[in-house]
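Novice: One structure follows; several queries about it will come next.
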Amino acid sequence: MNPQRMYRKSLGLLCFLAALLLSPTQKKQPPNVVLILMDDMGYGDLSCYGASTYSTPIIDRLAMEGTRFTNFLAAQPICTASRVALLTGCYPNRLSMSGALMSFATEGLNPQEETIAELLKEKGYATGIFGKWHLGSRQAFLPLQQGFDTYFGIPYSNDMWPINYDGTPATSGNKARHPILPLMEGNQKVDEIRTQADQDQLTRRLTERAVSFIDRHRKSPFFLYIPHPMPHVPIGASERFRGKTGKGLYADMMQEIDWSVGQVMDALKRNGLDKNTLVIFTSDNGPWANFGDHAGSAGGLREGKATSFEGGNRVPFLVRWPNQVPAGRVSNKLLTNLDLLPTIAAVCGARLPKRQIDGVDGLALMKGNDSATARDHFVYYYQKNSLEAVRQGDWKLVFAHPGRTYEGFLPGTGGLPGKTDENHAFPMALYDLRRDPGERYDVREQHPGIVERLEKIAEQSREELGDDLQHRSGKQTRLAGRSDEK
């Protein structure tokens with residue numbers, strides 16, 4: 001055959017194959033989702049949010065390659081309640097969930113509620129969780145019963161074990177009621193966290209499992225949820241990081257978290273998934289401030305964990321998704337962890353839960369539409385069902401309520417807690433968070449119309465969800481799950 005003719009035939013075949021590969025009719029794999037959740041990490045705990053005694057360069061790169069949100073709120077400033085909101089898109093009190101469930105609690109997230117994992121699994125996603133669960137430790141409430149294919153981690157907070165904060169065995173109180181901290185795989189306990197040395201290995205072990213999950217599921221879409229047990233006390237760091245920063249154990253621990261994020265990002269890139277993966281990094285609530293040098297920073301915001309001031313609810317929120325979420329952008333728009341379920345559902349083409357939720361779709365805002373206002377207002381519930389504040393835009397009305405304050409007390413050191421006032425009487429006050437993010441100056445007298453407007457929003461929530469401060473029950477709440485399991 002003529003060489004030139006052979007060349008033309010070969011070239012034509014190559015062009016045909018290339019056209020097939022680039023054909024617009026070829027189905028693109030749905031985007032993966034990686035959700036990294038810290039425990040008790042404050043607004044000021046990343047260098048891209050102002051941390052100055054140590055750096056978090058890998059997490060900071062997420063901010064540079066994506067969007068950093070400055071007004072992102074956890075639904076409640078405590079472990080279980082916040083996680084309920086994140087995974088269901090519901091105010092936790094709508095589902096009769098509150099506080100931080102003890103290891104011996106008989107309740108949990110009602111299996112009739114639908115989680116992000118269940119919605120994505122329905123769309124063919126592999127679903128994995130590696131870390132702290134805390135939505136109920138009875139088998140009926142564990143991750144495999146709530147939409148996850150794979151689970152490796154601890155079922156509740158890492159201080160729920162029979163060891164005091166000074167390292168001695170607990171002989172009284174709730175501490176003594178806790179069993180040895182179990183490490184779970186699926187529905188079974190496979191190991192125990194008995195010592196601080198065991199705690200030190202948690203970040204490494206969870207990271208290795210998360211990376212393995214990415215490697216195993218690189219050919220199909222996946223939802224990877226990594227709820228780290230730290231910086232919740234007791235904090236720890238493995239040998240590779242302990243003592244390496246010279247800035248104390250908290251800095252060492254944060255350096256290992258930064259490394260962990262890097263391992264996840266490297267696995268995505270190594271598997272060719274980097275550009276087709278939505279990565280979200282945030283925290284469940286603000287810092288447990290009375291633990292001092294073993295606690296994080298609220299970054300100048302008022303109070304911390306277990307309070308309805310900004311230091312309790314406002315947390316870092318970073319979103320990275322190449323060619324979808326603008327790089328190097330900062331958004332000051334209001335968004336909450338309630339909004340993650342409907343937003344992720346929109347990203348992945350999943351349906352919304354059949355029951356009523358409180359989250360709103362923030363995808364347009366995430367993708368850079370600065371004219372989009374995903375969330376109009378937010379209500380700050382705490383305790384069992386107390387409406388302690390309401391926010392619309394930059395205006396926040398705090399209602400008179402009893403609660404925790406860290407102010408006026410020396411924090412603890414070396415892993416020991418300092419004192420707090422758990423029944424401080426907070427007065428009613430209106431704050432302009434744009435001018436006064438520290439919530440120091442009550443401007444109710446200057447803005448009676450705003451107070452009236454916020455009161456109306458609060459009243460709507462009381463009708464729907466109730467308010468223990470006014471001894472009112474809500475008309476649209478649902479029951480938590482209950483288990484008789486021994």
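The values are calculated or read from the model by the stated rules, or taken from the named source; none is laboratory data. Bear in mind that the values here come from a model prediction, so they are computed numbers and not experimental data. Note that each Cβ is placed from the backbone with ideal geometry, even for glycine, and that neighbours are counted across all protein chains shown. The protein model used for the area step is the full one, side chains on, heavy atoms only, and it has no ligands, DNA or RNA in it. Shrake-Rupley method; radii C 1.70, N 1.55, O 1.52, S 1.80 Å.
Novice: State the number of residues belonging to segment 415-440 that are outside any loop (DSSP other than H, G, I, E, B) and of a type in the set (S, T, Y).
Specialist: Residues of segment 415-440 outside any loop (DSSP other than H, G, I, E, B): 421-426, 429-432.
Subsequent filtering for residues that are of a type in the set (S, T, Y) retains 431.
Total meeting the criteria: 1.
Novice: Which of the residues belonging to segment 160-186 are out of contact with any Pro (no Cβ under 8 Å at 6 or more places or on another chain), open to solvent by less than 30 Å² (accessible area, probe 1.4 Å) and assigned to a strand (DSSP E or B)?
Specialist: If the condition is that a residue be out of contact with any Pro (no Cβ under 8 Å at 6 or more places or on another chain), open to solvent by less than 30 Å² (accessible area, probe 1.4 Å) and assigned to a strand (DSSP E or B), then L181, L183 are the ones that fit.
Novice: Shifting gears a bit: Quick check: is even one residue across segment 207-218 open to solvent by 10 Å² or more (accessible area, probe 1.4 Å), small (G, A, S) and within 16 Å of D45 (Cα to Cα)? Spell out the reasoning first.
Specialist: Initial filter on segment 207-218 (open to solvent by 10 Å² or more (accessible area, probe 1.4 Å)): 208-209, 211-212, 215-218.
Checking which are small (G, A, S) leaves us with 212.
Subsequent filtering for residues that are within 16 Å of D45 (Cα to Cα) retains none.
No, segment 207-218 has no match at all.
Novice: For L202, are the conditions met, namely being open to solvent by less than 40 Å² (accessible area, probe 1.4 Å), in contact with a helix residue (DSSP H, G or I) (Cβ under 8 Å, 6 or more places away or on another chain) and over 22 Å from A140 (Cβ atoms)? Please lay out each step first, then the result.
Specialist: Working: open to solvent by less than 40 Å² (accessible area, probe 1.4 Å): yes; in contact with a helix residue (DSSP H, G or I) (Cβ under 8 Å, 6 or more places away or on another chain): no; over 22 Å from A140 (Cβ atoms): yes.
So L202 fails the test.
Novice: Out of the residues in segment 201-232 meeting the condition of being under 22 Å from L87 (Cβ atoms) and small (G, A, S), tell me which one is nearest to the chain's Cα centre (by Cα). Don't jump to the end; show me each part of the working.
Specialist: Just the residues of segment 201-232 that are under 22 Å from L87 (Cβ atoms), to begin with: 202-203, 206-207, 209-210, 213-214, 217, 220-232.
Still in the list and also small (G, A, S): 210, 220.
Values: A210: 17, S220: 25 Å.
Only one residue fits best here, namely A210.
Novice: Then there is this: Looking at T413, T405, which is the one that is closer than 25 Å to S297 by Cβ, out of contact with any Leu (no Cβ under 8 Å at 6 or more places or on another chain) and exposed (fewer than 15 other Cβ atoms within 10 Å of the Cβ)? Give the steps one after another, and end with the answer.
Specialist: On the way: T405 fails: exposed (fewer than 15 other Cβ atoms within 10 Å of the Cβ).
Every option except T413 fails the conditions.
Novice: With the requirement that a residue be of a type outside the set (V, I, T) and either in a strand (DSSP E or B) or touching a strand residue (DSSP E or B) at 6+ places or on another chain (Cβ under 9 Å) (or both), what does segment 449-458 give you? Spell out the reasoning first.
Specialist: Narrowing segment 449-458 to residues of a type outside the set (V, I, T): 449, 452-456, 458.
Listed by number, the residues that qualify are R453, L454, E455, A458.
Novice: Still on this structure, I have one more. Of the conditions (1) on the phi < 0 side of the Ramachandran plot; (2) under 17 Å from the mean Cα position of the chain (by Cα); (3) assigned to a loop (DSSP other than H, G, I, E, B), A105 satisfies every one except a single condition; which number is it?
Specialist: Only one criterion is unmet by A105, namely (2).
Novice: Tell me the residue from T88, T67, T53 that is of a type in the set (S, T, Y) and open to solvent by 10 Å² or more (accessible area, probe 1.4 Å), please. Lay out the reasoning, then the answer.
Specialist: Values: T88 fails: open to solvent by 10 Å² or more (accessible area, probe 1.4 Å); T67 fails: open to solvent by 10 Å² or more (accessible area, probe 1.4 Å).
Just a single option satisfies the conditions, and that option is T53.
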